[in-house]
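Any read-out appearing in this document is the output of simple, stated calculations on the displayed coordinates, not a laboratory observation. Quick caveat: nothing in here was measured; it's all calculated off a predicted structure. Backbone-built Cβ (ideal geometry, glycine too); neighbour counts: all protein chains shown.
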Amino acid sequence: MATIIHDVYVQIIRFYLDNGNADSLARAIDVELQDWIANCPGFVSASLHISEDNKTVINYAQWQDKSAYDEFTRHSNQQQLSNTIDQFRPDLMESDPFTLVAQAHA
């Protein structure tokens, strides 16, 4: 049976790019991750994924809790992050919170 793990807050963000520029967007987001996001209090991890057709980026981000994520959304570098993303003109961006219920590791 799945167990809800309350000490991790998950945010999954999807970027859709009809221009096939997902790899470039992922690299640009990774720069932001390395420059400042990974240093935000409560940050746990982020995993960037690119679809095989190079039209979708998925960012699976984990935070210690929702309040840490909320603080990140108010960080002074948020406009910089938005500008970075906007350069690649995503056709659609979706972001949803999730609850981690189970993990398996090899």
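Please verify whether segment 35-47 includes one or more residues that are among the small types (Gly, Ala, Ser), touching a residue at least 24 places away in the same chain (Cβ under 8 Å), touching a strand residue (DSSP E or B) at 6+ places or on another chain (Cβ under 9 Å) and on the phi < 0 side of the Ramachandran plot. No, segment 35-47 has no match at all. Under the condition of being over 16 Å from Asp30 (Cβ atoms) and over 14 Å from the mean Cα position of the chain (by Cα), the residues counted in segment 44-63 number 4. Counting the residues of segment 86-106 that are exposed (fewer than 14 other Cβ atoms within 10 Å of the Cβ) and in contact (Cβ under 8 Å) with a residue 12 or more places away in the chain gives 14. Could you tell me which residue of segment 47-85 is farthest from Gln34 (Cα to Cα), considering only residues that are of a type in the set (D, E, K, R) and either touching an Asp or Glu at 6+ places or on another chain (Cβ under 9 Å) or crowded, with 16+ Cβ neighbours inside 10 Å (or both)? Taking the candidates together, the pick is Lys55.
Do we have Asn83 as farther than 16 Å from Leu17 by Cβ and either aromatic (Phe, Trp, Tyr) or in contact (Cβ under 8 Å) with a residue 12 or more places away in the chain (or both) here? Against the criterion (farther than 16 Å from Leu17 by Cβ and either aromatic (Phe, Trp, Tyr) or in contact (Cβ under 8 Å) with a residue 12 or more places away in the chain (or both)), Asn83 does not qualify.
Filtered by the rule that a residue be within 19 Å of Ala102 (Cα to Cα) and among the aromatic types (Phe, Trp, Tyr), segment 5-64 gives Tyr9, Tyr60, Trp63.
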